[in-house]
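J.: Below is the structure I would like to discuss, written out as structure tokens.
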Amino acid sequence: MRPAGDSQVCQNSLALTRPPILKGLIMKRLAPAIALATVAVFGPQATWAQTLGSIKDRGELICGANGTLAGFGLPDPQGNWTGFDVDFCRAIAAAIFNDPTKVKFVPLTSKDRFTALQSGEVDVLSRNTSWTLSRDTSLGLDFTAVNYYDGQGFMVHKSLKVSSALELNDAAVCVQQGTTSELNLTDYFRTNHMGLKTVTFVTADEALKAYESGRCDSYTTDSSGLYGERLQLAEPSQHIVLPEIISKEPLSPAVRHGDNQWSDIVRWTHFAMIDAEELGVTRANVDEKVKSNDPETRRLLGSEGQFGEALGLTNDWAYRIIKHIGNYGESFERNVGQGSPLKIVRGLNALWTKGGLQYGPPIR
Amino acid sequence: MVEKIQSLLPQEPPRRPRRIGGIVLQIALIVVITGLAYGAILNVAQNLARAHIASGFGFWSNTAGFDISQTLISYSASTSSFGRAFWVGLLNTLVVAAIGIVLATVLGFIIGIARLSRNWLVARLAGGYVELIRNVPLLLQLLFWYNAVLKALPELRGSVGLPGGGILNNRGLFLPRPESSPHFSAVLIALFAGIAAALVLRDWSRRRRERTGTQIRILWPVLGLVCGLPLAAFALAGFPLSFSAPQMGRFNVSGGIEILPEFAALVLALTIYTAAFIAEVVRAGVLSVHAGQTEAAQALGLRFAAALHLVVVPQAMRVIIPPLTSQYLNLIKNSSLAVAIGYPDLVQVFAGSVLNITGQAVEVIAITMTVYLTISLFTSLLINLYARATAIVER
């Protein structure tokens, strides 16, 4: 408890009159402080040009990740980060340091993620983030390449006997704040002339808990997230994901606008993993493939050409990625696909040669 | 000799140079502070432009596009602007703060007085309440009320029907909405007339008491004027009030007045928490009045209630009001914990959804801070005015 009105205390200290000698002393004392403050405010100006250099100096990559989404970004009970988005940051670290463990993961909520990237707290944001025009332009960010094509879906309790999202008229829906889901949800119900009660929470965990306790009829997020979060419910089998996909959610890593070298490195880390899958280079056979006669494989793995150096890395950059992490398909299946509890099918994320959208530009 | 005496007298300080020096110093200080503030703003603007982050307040009139669960003014996701969302959030903050302050004050005074009770059990219960509530963090209490108490209410399908058509479930409390017909204004007029007449009556009885020294009991006439008169008007106008009961839909309850569980949890937590502190403030205030005051009042023949009302409380209020202000300000600021349970207050709506969609952290946070500062200063001002009006005038 504070003793008395604060305003009074302030007035007293301001009204205190000091002898003239003291005043001079205070001014002398203040002068360096003022000078320091002036330098602090006017001096350093933010430039984001040397991201790679500062990562090398620091000795580790700082990666903004989702700390709560199974399959994409989640520390296991031993504290090791795992997931599809986590693998991507490890791949970048492997390309730079030849060591996938040289990453520090910073768990971010959807609400904090952009500020953390803008302010330089993280080097790259790899946290199931949808690429939109306004985020690309007015947030000072650059999205590198879509590494997961997603769309928003709805989860409901089986007992509701709902088989389509179009039956959700007047339903209460729990959603996470600061996401494209929040906006798509409103759009979808408006377009279909349905009533809606939104209950918004800061974290996905809180929203999911509220859904589970019956505060909402439905929970909505990207469908990849729905599968992962359904596993966290007490009785996953009692909940179904509705068939409607109501939006396009191209999930992409993001970097700060203005450091083109760094955005090239992040972009080509993804393409290298796609190209490796297309060329059949895997974690298991990469050491043999280095000696391959196929020119495309030789260029990818650095046996031919100076492509890594052009990026500001070493020429075996892609070899390191595949050696430590594997190709795109391996990372997908291990974290979210058939090798994981999520069992998500490749769908849109299959290679373009197999009817999907994942397409890596040639390395040459 | 004269000189010696003069040197002993307090000397007038040489005033003019000191005053001019002071003014010059203060002007210099203002110039430096303004310059620093301007430089900081300029630097922020330059850095934002350099990092290609949008700045300025142009977003204010853009369409918001997100939904808000509790809106006291009309708001639609498809047409309302971010600015409108700001006002919705601000009103939600103010309504929680206002209700919380009223309830916490009532509960706090009751607990504070109870702790001074001569009844052992009552005093210990009040003491236990204060110690328990004061020492558990507010956030935990908030999560307790929201997750452990309100979410444990029956689900929609097992809703509890309340007498009079209300519905209670874990989606909230739904009460019948009163719908007045045009004749209802007669009841309001009768109510105001009754209150005015009661005030006149009170004034008359006080003047009579001061003149003659005899007291007339005016409780029943006052009750008759304030309650009886409007009720009579209500009956005469043909009961011009109907209630539209909330209806159970397939997914939700529709119609009626809706009280969200998030709102209820926040009000409960803020009220119960702040009341514990207010109780201590009240206890300190009452104890600060010397026992001799009560004894003197009783010696003059005042009954216990009159002694409390006329002698103890006015003196105790002098001690109570300044720390009470702090408690009110704390409650207003603590209402921003709404974020933890998804109540759409200013921080949740504006510094949450709006900040995220526009990405303009600097502007949004600056506005939010300014708003809390303004609310707090305004509350302080009101209470200081009240304190001045009720201050004891020394004679």
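J.: I'd like to check something: does the stretch A:98-112 contain any residue that is of a type in the set (A, V, I, L, M), in the same structural domain as residue A:319 (by TED's automatic domain parsing) and out of contact with any Gly (no Cβ under 7 Å at 6 or more places or on another chain)?
T.: Yes, there is a match, as at least one residue in the stretch A:98-112 is of a type in the set (A, V, I, L, M), in the same structural domain as residue A:319 (by TED's automatic domain parsing) and out of contact with any Gly (no Cβ under 7 Å at 6 or more places or on another chain).
J.: While we're here: Which pairs turn up if I take residues in the stretch B:110-136 that are surrounded by 14 or more Cβ atoms within 10 Å (Cβ to Cβ) and look for partners that are of a type outside the set (Phe, Trp, Tyr) and part of a loop (DSSP other than H, G, I, E, B) with beta carbon separation below 8 Å, at least 6 apart in sequence or on another chain?
T.: B:123/B:116; B:123/B:117; B:126/B:117
J.: Is one or more of the residues making up the stretch A:184-194 assigned to a helix (DSSP H, G or I), among the hydroxyl-bearing types (Ser, Thr, Tyr), under 20 Å from residue B:343 (Cβ atoms) and within 8 Å of another protein chain (Cβ to nearest Cβ)?
T.: yes
J.: State which residue is surrounded by the most Cβ atoms within 10 Å (Cβ to Cβ) when the search covers only the stretch B:145-172 and only residues that are in a helix (DSSP H, G or I) and either touching a helix residue (DSSP H, G or I) at 6+ places or on another chain (Cβ under 7 Å) or more than 14 Å from every other protein chain (Cβ to nearest Cβ) (or both). Please lay out each step first, then the result.
T.: Here is the first cut: in the stretch B:145-172, the ones in a helix (DSSP H, G or I) are B:145-150, B:156-158.
Remaining after also requiring either touching a helix residue (DSSP H, G or I) at 6+ places or on another chain (Cβ under 7 Å) or more than 14 Å from every other protein chain (Cβ to nearest Cβ) (or both): B:145-146, B:150.
Working: B:145: 21, B:146: 25, B:150: 22.
So, considering only residues that are in a helix (DSSP H, G or I) and either touching a helix residue (DSSP H, G or I) at 6+ places or on another chain (Cβ under 7 Å) or more than 14 Å from every other protein chain (Cβ to nearest Cβ) (or both), the one surrounded by the most Cβ atoms within 10 Å (Cβ to Cβ) is B:146.
J.: Does the stretch B:335-358 include one or more residues that are over 30 Å from residue B:67 (Cβ atoms) and facing another protein chain (nearest Cβ under 9 Å)?
T.: At the first step, the residues of the stretch B:335-358 found to be over 30 Å from residue B:67 (Cβ atoms) are none.
For the stretch B:335-358, residues over 30 Å from residue B:67 (Cβ atoms) and facing another protein chain (nearest Cβ under 9 Å): absent.
J.: Looking at the stretch B:207-223, which of its residues are surrounded by 13 or more Cβ atoms within 10 Å (Cβ to Cβ) and in a helix (DSSP H, G or I)?
T.: B:208, B:221, B:222 - these are the residues of the stretch B:207-223 that are surrounded by 13 or more Cβ atoms within 10 Å (Cβ to Cβ) and in a helix (DSSP H, G or I).
J.: Just wondering, is there one or more residues in the stretch B:81-97 that are in the same structural domain as residue B:321 (by TED's automatic domain parsing) and loosely packed, with under 14 Cβ neighbours inside 10 Å?
T.: no
J.: Looking at the stretch B:240-247, can you tell me whether even one residue there is surrounded by 13 or more Cβ atoms within 10 Å (Cβ to Cβ), within 14 Å of another protein chain (Cβ to nearest Cβ) and in a strand (DSSP E or B)?
T.: yes
J.: Name the one entry in B:343, B:372 that is buried (at least 20 other Cβ atoms within 10 Å of the Cβ) and among the hydroxyl-bearing types (Ser, Thr, Tyr).
T.: Details: B:372 fails: buried (at least 20 other Cβ atoms within 10 Å of the Cβ).
The conditions single out B:343.
J.: From the list B:98, B:114, B:77, B:85, exactly one residue is more than 14 Å from every other protein chain (Cβ to nearest Cβ) and either under 19 Å from residue B:352 (Cβ atoms) or at pLDDT below 95 (or both). Which is it?
T.: B:114
J.: Something else about it: Could you say whether any residue in the stretch A:50-61 is part of a helix (DSSP H, G or I), at pLDDT below 90 and more than 14 Å from every other protein chain (Cβ to nearest Cβ)?
T.: No, the stretch A:50-61 contains no residue that is part of a helix (DSSP H, G or I), at pLDDT below 90 and more than 14 Å from every other protein chain (Cβ to nearest Cβ).
J.: Conditions first: (1) farther than 14 Å from residue A:63 by Cβ; (2) outside any helix (DSSP H, G or I); (3) hydrophobic (A, V, I, L, M, F, W, C). Residue A:122 passes all but one, so which condition is the exception?
T.: Of the numbered conditions (1) farther than 14 Å from residue A:63 by Cβ; (2) outside any helix (DSSP H, G or I); (3) hydrophobic (A, V, I, L, M, F, W, C), the odd one out for residue A:122 is (1).
J.: Across the stretch B:248-258, what is the number of residues that are farther than 16 Å from residue A:173 by Cβ and not in a strand (DSSP E or B)?
T.: 2
Each row is one residue, and each column tells you yes or no for (1) in a helix (DSSP H, G or I); (2) in contact (Cβ under 8 Å) with a residue 12 or more places away in the chain; (3) aromatic (Phe, Trp, Tyr).
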| position | (1), (2), (3) |
| --- | --- |
| B:32 | yes, no, no |
| B:44 | yes, yes, no |
| B:60 | yes, yes, yes |
| B:73 | no, yes, no |
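J.: Where residues in the stretch B:26-57 are closer than 25 Å to residue B:346 by Cα, surrounded by 12 or more Cβ atoms within 10 Å (Cβ to Cβ) and of a type outside the set (A, V, I, L, M), which of them is farthest from the other protein chains (Cβ to nearest Cβ)?
T.: Applying the filter and picking the extreme gives B:57.
J.: Which one of A:136, A:142 is part of a strand (DSSP E or B) and within 11 Å of chain B (Cβ to nearest Cβ)?
T.: A:142
J.: Give the residues of the stretch A:209-230 that are of a type in the set (A, V, I, L, M, F, W, C) and either within 12 Å of another protein chain (Cβ to nearest Cβ) or in a loop (DSSP other than H, G, I, E, B) (or both), sorted by residue number.
T.: If the condition is that a residue be of a type in the set (A, V, I, L, M, F, W, C) and either within 12 Å of another protein chain (Cβ to nearest Cβ) or in a loop (DSSP other than H, G, I, E, B) (or both), then A:210, A:216 are the ones that fit.
J.: Of A:127, A:113, which residue is over 23 Å from residue A:329 (Cα atoms) and in contact with a Lys or Arg (Cβ under 6 Å, 6 or more places away or on another chain)?
T.: Going through A:127, A:113 in turn, the sole match is A:113.
J.: Answer with yes or no whether residue B:231 is assigned by TED's automatic domain parsing to the domain that holds residue B:112, more than 30 Å from residue A:196 (Cβ to Cβ) and touching a helix residue (DSSP H, G or I) at 6+ places or on another chain (Cβ under 9 Å).
T.: It is false that residue B:231 is assigned by TED's automatic domain parsing to the domain that holds residue B:112, more than 30 Å from residue A:196 (Cβ to Cβ) and touching a helix residue (DSSP H, G or I) at 6+ places or on another chain (Cβ under 9 Å).
The values are calculated or read from the model by the stated rules, or taken from the named source; none is laboratory data. Please read all numbers here as calculations on a predicted model, not as lab measurements. As a convention, Cβ positions derive from the backbone with ideal geometry for all residues, glycine included, and neighbour counts pool all protein chains shown.
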